[in-house]
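Remarks on the structure that follows.
Values quoted throughout were computed directly from the atomic coordinates according to the rules given, and no laboratory measurement underlies them. What you see is a predicted model, and the numbers here were worked out from it, not measured in a lab. Ideal geometry is used to build each Cβ from the backbone, glycine not excepted, and the neighbour counts take in all protein chains shown.
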Amino acid sequence: MKNINNLYKKTEQFVIDSFIKIGKEQEVKHLLRTAYWIKQLKKNADEALLISAVAHDIERAYRKEDVKKIIKSGFLSKDFLRLHQERGAEITADFLKKQKADNKLIEKVKQLILRHEDGGNEEQNLLKDADSLSFFECNVNKFLDKAETKGKEYVKEKFEWMYNRITSKKAKERAKPLYEDAVKKLDR
Ligand SMILES: [Fe+2]
């Protein structure tokens, strides 16, 4: 158990350091809360799931010009979602390889991060749900601020997408008041 925690803690530190390096440490809270929500939704969540949760958006800390360009066509752009997931999985896998983590664990983490936006199997869905819950906790204001430049419809679409994609009943129940509150603030 000690080793498991070490690897999680090391990944968490890697994520924190990566965002501090680009002056965006405020992005870390969303990642820590995603790991928190995983534990709420699955008591016996394993290390791969927790590591994936805390690292799932790491691509943002190493964002390349091509992705910056693609995201301008919208957060639902298939190319954006694919690159965001693929690069996050690669960056995390490279870090874990350097830590000499078990290959099986690395493969599982990769598969989880690769599908954290649209889900797939039970655990991929869980990560997606925890990501949504944490989004409504941590990132609503960031998106409300975007209403001025991108328009209310854009922000509303994001809120709806983040809420509607939730699979588990428990996660949906927990997210509902947060989602409704976010929409209310947008309409104000
Ligand atoms: Fe996320």
The chain: angle of helix 122-138 to the longest principal axis, Cα-based, in degrees nearest 10: 50 degrees
Kirkwood Rh in Å, taken over the stretch 7-61 so that all alpha-carbon pairs contribute: 11.1 Å
All lysines inside 16 Å of residue 97 as judged from Cα atoms, apart from same-chain residues fewer than 8 positions distant: 9, 10, 108, 110
Relative contact order for the stretch 49-147, counting Cα pairs under 8 Å that sit 6 or more residues apart, in percent: 28 percent
Tilt relative to the chain, helix 78-98 - C-alpha long axis, 0 to 90 degrees, to 10: 30 degrees
Dipole of the stretch 2-187 [Lys/Arg +1, Asp/Glu -1 at C-beta], most positive-end residue of 135, 80, 186: 135
Over the chain: helical MRE at 222 nm, DSSP H runs n ≥ 4 each giving -39500 (n - 2.57), nearest 500: -24500 deg cm²/dmol
Helix 152-164 axis, angle to the chain major axis (alpha carbon atoms, nearest 10°): 50 degrees
Label-to-label distance, nm, for residues given as residue 102 and residue 141 (7 Å Cα→Cβ offset): 4.1 nm
Two-site FRET efficiency, residue 46 against residue 183, from Cβ-Cβ distance with R₀ of 35 Å, rounded to 0.05: 0.50
The chain: proportion of alpha-carbon pairs further apart than 26 angstrom, %: 28 percent
Mean Cα-pair separation over length for the chain, i.e. relative contact order, pairs under 8 Å, 6 or more apart, %: 21 percent
Gaussian network model of the chain, Cα within-10 Å springs - most flexible of 49, 112, 83: 83
Cα centroid of the stretch 94-124 to Cα centroid of the stretch 1-65, whole Å: 12 Å
Stretch gain in nm, segment residue 25-residue 78, where the contour uses 0.36 nm per residue and the Cα spacing is subtracted: 16.4 nm
Listed residues 116, 144, 71: farthest to the positive end of the dipole of the stretch 2-187 (Cβ charges): 116
